[in-house]
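**Student:** Could you have a look at this structure, given as structure tokens, before my questions?
No lab work stands behind these numbers, since they all come straight from the coordinates. The structure presented is a predicted model; accordingly, all values stated were derived computationally and were not measured. Virtual Cβ from ideal backbone geometry, glycine too; neighbours counted across all protein chains shown.
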Number of protein chains: 4
Amino acid sequence: MIIIMRNGAPQDQVTAVIDRVSQLGFKPHISPGEERTIIGVIGDERRLDESTFDLMEGVERVVRVLKPFKLASRDFHPEDTVITVNGARIGDQPVVVIGGPCSVESREQVFEAAEIVKANGGMIFRGGAFKPRTSPYSFRGMGDKGLELLAQIKSSLGLAIITEVMSPEQVPMVAGVADILQVGTRNMQNYALLDAVGRSARPVMLKRGMMSTIEELLMSAEYIMSNGNEQVILCERGIRTFETTTRNTLDVSAVPVLKELTHLPVFMDPSHASGRARYVNALSRASVAAGADGLLIEMHPHPEMALSDGAQSVSPDVYTQTIADLRRVAEAVGRSL
Amino acid sequence: MIIIMRNGAPQDQVTAVIDRVSQLGFKPHISPGEERTIIGVIGDERRLDESTFDLMEGVERVVRVLKPFKLASRDFHPEDTVITVNGARIGDQPVVVIGGPCSVESREQVFEAAEIVKANGGMIFRGGAFKPRTSPYSFRGMGDKGLELLAQIKSSLGLAIITEVMSPEQVPMVAGVADILQVGTRNMQNYALLDAVGRSARPVMLKRGMMSTIEELLMSAEYIMSNGNEQVILCERGIRTFETTTRNTLDVSAVPVLKELTHLPVFMDPSHASGRARYVNALSRASVAAGADGLLIEMHPHPEMALSDGAQSVSPDVYTQTIADLRRVAEAVGRSL
Amino acid sequence: MIIIMRNGAPQDQVTAVIDRVSQLGFKPHISPGEERTIIGVIGDERRLDESTFDLMEGVERVVRVLKPFKLASRDFHPEDTVITVNGARIGDQPVVVIGGPCSVESREQVFEAAEIVKANGGMIFRGGAFKPRTSPYSFRGMGDKGLELLAQIKSSLGLAIITEVMSPEQVPMVAGVADILQVGTRNMQNYALLDAVGRSARPVMLKRGMMSTIEELLMSAEYIMSNGNEQVILCERGIRTFETTTRNTLDVSAVPVLKELTHLPVFMDPSHASGRARYVNALSRASVAAGADGLLIEMHPHPEMALSDGAQSVSPDVYTQTIADLRRVAEAVGRSL
Amino acid sequence: MIIIMRNGAPQDQVTAVIDRVSQLGFKPHISPGEERTIIGVIGDERRLDESTFDLMEGVERVVRVLKPFKLASRDFHPEDTVITVNGARIGDQPVVVIGGPCSVESREQVFEAAEIVKANGGMIFRGGAFKPRTSPYSFRGMGDKGLELLAQIKSSLGLAIITEVMSPEQVPMVAGVADILQVGTRNMQNYALLDAVGRSARPVMLKRGMMSTIEELLMSAEYIMSNGNEQVILCERGIRTFETTTRNTLDVSAVPVLKELTHLPVFMDPSHASGRARYVNALSRASVAAGADGLLIEMHPHPEMALSDGAQSVSPDVYTQTIADLRRVAEAVGRSL
């Protein structure tokens, strides 16, 4: 941590800061500047809050030097983390595509979707039983019954299951069926939930908050990991910006940035990002070309009949075409699919 | 709901949309435009999802006509809601200031702070026992012991208590002490929590997500209200923008906008919005001048010793000065404090 | 400037950076950290680009210590700048309200508006002759004829004039009539224009770009000032955010932030910020309460007939009421109007 | 245009709106809704301002039906526009990469860079002679001398030139050398400049404002085209968001969105978007995979010596590698390079 004093801060203010640094068990290091004195704080700054110094008299600004996450950081864990689910090696050379509908709506719908995923070489199936919805009047998912249908998919078709968990008390029940627990975008900073999935033995797909920074995403991963669960998959799903032609803006730069900062696998969700089925193919190609380890793609056997998020679900035909297109792009960047 | 067809959409696509509208139990109303056909959907559109039509062939855009919230809407409840807590009439003519530290840290700290709040005419005291923190390594509050200290403040000093609740299972315990349950900014769309506080008998202070629109804030209020609890206080606390001189950007326009859209009381939190104690006085004045019903102000007896958010906590002296300044501004806009 | 080296950067990379600092005529100052080496650069960093070091091998991050503006900075000019225009002392104790229509549309319209401004004690009148419009098909102002009407207002009614200038070659002509040259939000970083108004003898009202930071606003002021014109008035007019109930979000925090960073007067434009006449009164009150030196308010004698921006123009009655309301708020914060 | 009346708006307000529609020469079309009356406005709404109706009594909201641009719209010009420059067919099957340094700094630097571009199959060279810089104290380009060096590149190496033009009066001089005139991000809504390049015979590369929507970008293209110059190339270069690990956020979705809305060629600038040379390769691959017609890539023979934007300039080696990588991705999506 570096403390920048104001222009002309008197010596007693400088001394007070230096004393505080020492009291807290850190070593101060003073650099006299032409216009401002700068005080370095030597020691593990993760234990420190900026505000400890920020509002002392004479302090202009406090700058962190270290990244605030450790378990998630590539500095401390240089090799890529690979998470194996049903034979799919997430974070390894092959790109992993997870498909399925937004919500589980009926036995027929979910089996039809799962067959298409399987036919396209998929090993993991997505579908929501518990759905976070902006309106209390919207369809909020089939709940337990939806979970049971997912269990049937698993046993009948041999697909692994990823589904969302919305509260700490749901974790054991959902983990009874799901091979991967999904934490949704609105819950990225629901710390009670992060602690709960952190105590589970299941891998966790952590979706980036739609207005959360990459650093905050990594801090939320750190919550899960600090509870003992190191199997975390990160998923960029679009951030909120001023642009309105797409529902959110897919932050494709998050792929190279995350690959640099962390060893965890990085997924992309072009369906939620764009909110429009017709852009999903292009954004999927872009994601794989940028280096993503996998994709979450919403597909519905009959999108126009979907009870939620139909507008962003591709049809089976488009899904099949997208998988074929992605295979070529994956090969162009030295991967397979 | 209005469905705008694409330029030159053939008649069979128009007919398909019209048929769908009828099938769903709504009445279609066709307006032929010069370049585009427009189809009105007559009926209670709150039951409908945009995406129902959005991805039918030939549809360009779907526009909602009605606001998606009802219980929170001034259309359906024209008079202001007034919530009485410990004699403070929230939402009525007097502006209500709630003060106190970010976190409960010790008996001494919290009593010292509470005395200052009381001396300045305050009737409600804030303090966090359970703290959502971006880093798992930061101080996360005293928990149950903090709650107990708040109970002591209540019985000794006669102040009402507002404190944050972070998960559904905490609700009964927190509601045992708190007069107002606070739902924090990161939990504004934690629907399990909204349902839980909606089933409580305590008034709820719902803080706007730092990344949430005003409409989403009202939809979250609607969640709480649709569970039976109509005592909801809304609180703007700064939104995330590109500007970095303040931690977030206080959306002061939210005051007149919310007063127009809803009957619920509107609070402002200049401390979290700015993240800087030195801007709190100016932003508090602006909030009251804009018509806010109340303020949440962080005050710490010794801000530089605070375990969390010290940088945004005002000192007792600044707090006292701010209350005096606000009294004059409140009177200038026809209110008292 | 502070250069933070990567964790474990080898000594030769550190040495290369140190050598570069010296070569450029600055003094390096090395602080060994626990995990990272930090190199201070002593000297006037305004002459340096972050990127000079940013991409040297082993460098993790470069942090500026000094603010990049100097003439606009309160550090170098502690007293408030006061700009006198037609007897109005802008930046001094009284709050200055500038009213008038978005566009000059006709002799009748502009005189009617000016009479109302004058009757409410105004000394400066606003009106656009050259209008920046998003669409090439919208009304783009009366041009020279509009300027002539403004000259007539000036000579007949004794009001000073502020009007927008859109390109360098217009500056002499507009400065022949206008007492204050306005640089619009879309031109805040039109450097050719900033240079041109910087060479004029007229005060300049510089509007903040709708997606520009406060620091960028001050850098644009610095452009004007570095050309010799130190009479710059800053104007916050709403920034672009994700919120859609208002056209832009009025950044009321900009008032205390700018008053701290700069000696230049700070205005607010609640009309463009909100885009809605019905919010102008509340936002004007908030602005004055926050400490703004003045306001730009759009008023049209018949808003519903306006050729541009009618939706944000208040009627004469609302204007008169707003001035009365602002007088009380100004007094409550120790100022007059 | 559709006018939505407020809930319970009395008949005389509805009538007043209908009358206004007729007076303005449009045909009103009334749809009675369950809660709100809706009035359609039939005719060419491009001639209308929302605010014409927005502030009439009883009006809740006004919704545009038509896109406000026409010449730029694919509706009116379904085939892709192809612009041929020095044999490069921009907007056609092959992806066109334009490389070169941010600024022209010296004869040696610019020739060295140009040779590398040529060796990699490039036909167009970029380099700035006039540079928009946030600080008046930064290097602002070599000006006329820079332009002359670009003219030498052109005659010696047979490369076409693209360079930025910053004000209307520079257009003739810059167009004397440049094969493509670049309008920079800060000038996207500098209407005097758009009009000036619209009257030039040179193709124009219009960079999206970092704070501008896709619709605004198309409206700015419409300005240029409505002046007679239909050779406009659009360029996405990153938008401003809350994320800070990259300088701006590359809006990769803009590619499929623009290809749908307009017939104009779409470029991407990963260098300015990310501000970091190390992310340029990944973002270039993503852009081509998403369907971009071309790329602007900053390359400097010695990035660490660059006078501007060195941090985002790739080295010759990385440039050569990137071109090779892009060739494979282009082929994977059915194009060449």
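**Student:** Longer than 31 Å from Cα to Cα, which of C:Lys207/D:Lys27; A:Lys27/C:Lys67; C:Lys154/C:Lys207 are they? Say none if no pair is.
**Tutor:** The pairs that break the limit, which is 31 Å between Cα atoms, are C:Lys207/D:Lys27.
**Student:** Shape call for the stretch D:83-332 from the C-alpha gyration tensor, a ≥ b ≥ c root eigenvalues: rounded (a/c under 1.5), prolate (a/b greater than b/c) or oblate? Could the numbers behind the result be given before it?
**Tutor:** Details: a/c = 1.23, a/b = 1.03, b/c = 1.19.
It comes out rounded by the Cα gyration axes.
**Student:** Using the Karplus equation 6.51 cos²θ - 1.76 cosθ + 1.60 (θ = phi - 60°), what ³J(HN,Hα) coupling, rounded to whole Hz, does each residue of the stretch C:86-101 give in order, writing x for Gly and Pro?
**Tutor:** Residue by residue, the stretch C:86-101 yields 6, x, 7, 9, 6, x, 9, 4, x, 7, 9, 9, 10, x, x, x Hz.
**Student:** Under a Cβ-Cβ cut-off of 14 Å, what is the net charge of the residues other than B:Val288 that fall near it, where Lys and Arg count +1 and Asp and Glu count -1?
**Tutor:** Local charge sum for B:Val288: +1.
**Student:** Is there a simple number for the mean count of other chain Cβ atoms within 10 Å of the Cβ of residues in D:229-240, and what is it? Don't skip to the end; give the middle numbers.
**Tutor:** Values: counts 0, 0, 0, 0, 0, 0, 0, 0, 0, 1, 6, 8.
Per-residue shielding by partner chains comes out at 1.
**Student:** Let me ask another. Between beta-carbons, use under 10 Å as the cut-off and find the net charge around A:Ile224, counting Lys and Arg +1, Asp and Glu -1. Spell out each step's value before the answer.
**Tutor:** On the way: positive: A:Arg199; negative: A:Asp195, A:Glu222, A:Glu230.
Net charge around A:Ile224: -2.
**Student:** Then there's this: Only Cα pairs under 8 Å and at least 6 apart count here; give the relative contact order of the stretch C:83-332 as a rounded whole percent. Before the final figure, lay out each step's value.
**Tutor:** Details: 528 pairs, mean separation 45.2, N = 250.
Relative contact order, the stretch C:83-332: 18 percent.
**Student:** Would you mind working out the magnitude of the charge dipole of the stretch C:83-332 relative to its Cα centre, with +1 at each Lys and Arg C-beta and -1 at each Asp and Glu C-beta, to the nearest 20 Debye?
**Tutor:** On the way: 23 positive and 27 negative charges, 43 e Å.
The calculation lands at about 200 debye.
**Student:** For a quick check: with amide H placed at 1.01 Å from N, whose amide H comes under 5 Å from B:Asp251's, ignoring anything fewer than 5 positions away on the same chain?
**Tutor:** B:Gly238, B:Ile239
**Student:** Take D:Met305, project a point 7 Å from its Cα along the Cβ direction, then tell me which residues of the stretch D:114-143 have their backbone nitrogen under 13 Å from it.
**Tutor:** In the stretch D:114-143, the label zone of D:Met305 (backbone N under 13 Å from the point 7 Å along Cα→Cβ) covers no residue.
**Student:** Another one. Considering the options C:Leu181, C:Val252, C:Ala192, tell which one lies farthest towards the positive end of the dipole of chain C, charges being +1 on Lys and Arg and -1 on Asp and Glu at the Cβ, about the Cα centre.
**Tutor:** Result: C:Leu181, furthest along the dipole toward the positive end.
**Student:** Please report the spacing between the Cα centers of the stretch D:40-101 and the stretch C:67-119 in Å, no decimals.
**Tutor:** A separation of 37 Å, based on Cα centres.
**Student:** Here is a follow-up. Ordered by residue, what ³J(HN,Hα) values in Hz, to whole numbers, does the stretch D:323-332 give under the Karplus form 6.51 cos²θ - 1.76 cosθ + 1.60, where θ = phi - 60° and Gly and Pro are x?
**Tutor:** After applying 6.51 cos²θ - 1.76 cosθ + 1.60, I find 4, 5, 5, 5, 4, 5, 5, 4, 5, 4 Hz.
**Student:** Sorted from shortest, what are the nm distances separating the label point of D:Gln93 from equivalent points in the other copies, each placed 7 Å from Cα along Cα to C-beta?
**Tutor:** List, nearest first: 3.2, 7.9, 8.0 nm.
**Student:** Taking amide H atoms as placed 1.01 Å from N in the peptide plane, list the residues 5 or more away in sequence, or in a different chain, whose amide H sits under 5 Å from that of C:Ile42.
**Tutor:** C:Lys27, C:His29
**Student:** Could the peptides D:76-88, C:80-92 be put in order, highest first, of the mean number of other beta-carbon atoms found within 10 Å of their residues?
**Tutor:** Going from most to least packed, we get C:80-92, D:76-88.
**Student:** Could you please rank A:Arg208, C:Arg47, placing first whichever residue has the fewest other Cβ atoms within 10 Å of its Cβ?
**Tutor:** Values: A:Arg208 25, C:Arg47 12.
Arranged by neighbour count, lowest to highest, A:Arg208, C:Arg47 become C:Arg47, A:Arg208.
**Student:** Which order do peptides B:276-289, A:13-26, A:242-255 fall in by mean Cβ count within 10 Å, highest first? Numbers along the way, then the final one.
**Tutor:** Details: B:276-289: 26.6, A:13-26: 15.6, A:242-255: 23.7.
Ranked by mean Cβ neighbours within 10 Å, highest first: B:276-289, A:242-255, A:13-26.
**Student:** So what is the relative contact order of the stretch A:220-302, in percent, for Cα pairs below 8 Å that sit 6 or more residues apart?
**Tutor:** Working: 122 pairs, mean separation 23.1, N = 83.
Taking the mean separation of contacting Cα pairs over the length of the stretch A:220-302, I get 28 percent.
**Student:** Quick one: work out the % antiparallel among DSSP beta bridges in the protein assembly as shown, nearest 5.
**Tutor:** On the way: 74 of 178 bridges.
So the antiparallel bridges in the protein assembly as shown amount to around 40 percent.
**Student:** Can you check what the net charge comes to around B:Ser135, using other residues whose Cβ is under 12 Å from the Cβ of B:Ser135 (Lys, Arg +1; Asp, Glu -1)?
**Tutor:** Net local charge, B:Ser135 excluded: +2.
**Student:** Now, a different point. Measuring from centroid to centroid over Cα atoms, what is the spacing of the stretch C:120-187 and the stretch B:260-317 in Å?
**Tutor:** Comparing the Cα centres of the stretch C:120-187 and the stretch B:260-317, I get a distance of 40 Å.
**Student:** Could I ask something else about it? Could you work out the mean count of beta carbons from other protein chains within 10 Å of each residue's beta carbon in D:84-97? If you can, show how the numbers build up before the last one.
**Tutor:** Values: counts 0, 0, 0, 0, 0, 0, 0, 0, 0, 0, 0, 0, 0, 0.
Per residue, the number of nearby Cβ atoms from other chains is 0 on average.
**Student:** Determine which chain C residue has its Cβ at minimum distance from the rotation axis mapping C onto D, giving the value in whole Å.
**Tutor:** Output: C:Met211, 1.
**Student:** Now, a different point. Rounded to the nearest 5, what is the percent of antiparallel bridges among the DSSP beta bridges in chain B? Walk me through the intermediate numbers first.
**Tutor:** Values: 18 of 44 bridges.
Here the share of antiparallel DSSP bridges comes out near 40 percent.
**Student:** Report the relative contact order of the stretch D:79-174, percent, no decimals, based on alpha-carbon pairs under 8 angstrom and at least 6 residues apart.
**Tutor:** Details: 139 pairs, mean separation 25.2, N = 96.
Computed value for the stretch D:79-174: 26 percent relative contact order.
**Student:** Per DSSP H run of at least 4 residues, take -39500 (n - 2.57); add these up for the protein assembly as shown, divide by its residues and hand me the 222 nm value, nearest 500 deg cm²/dmol.
**Tutor:** So the calculated ellipticity at 222 nm is -10000 deg cm²/dmol.
**Student:** How large is ³J(HN,Hα) for each residue in the stretch A:128-140, as worked out from phi by the Karplus curve 6.51 cos²θ - 1.76 cosθ + 1.60 (θ = phi - 60°), to whole Hz, x for Gly and Pro?
**Tutor:** Ordered by residue, 3J(HN,Hα) equals x, 9, 10, 10, x, 10, 4, 9, x, 9, 7, 4, 9 Hz.
**Student:** While we're on this one: Under the definition of partner shielding as Cβ atoms of other protein chains within 10 Å of a residue Cβ, what is the mean value for peptide C:276-288?
**Tutor:** Values: counts 7, 3, 4, 8, 1, 3, 12, 7, 2, 11, 16, 4, 5.
Counting other chains' Cβ atoms within 10 Å and averaging over C:276-288 gives 6.
**Student:** Report the calculated FRET efficiency for D:Glu115 and A:Asp317 (r = Cβ-Cβ distance, R0 = 51 Å), to the nearest 0.05.
**Tutor:** According to the calculation, E is roughly 0.60.
**Student:** Efficiency by 1/(1 + (r/R0)^6): what FRET value for C:Ser106 and C:Glu169, r their Cβ-Cβ distance, R0 = 25 Å, to the nearest 0.05?
**Tutor:** Details: r = 26 Å, r/R0 = 1.06.
With R0 = 25 Å, the Cβ-Cβ based efficiency is 0.40.
**Student:** What residues qualify as long-range amide H neighbours of C:Phe125, i.e. H under 5 Å apart, gap of 5 or more or another chain, H built at 1.01 Å from N?
**Tutor:** C:Ala160, C:Ile161, C:Ile162
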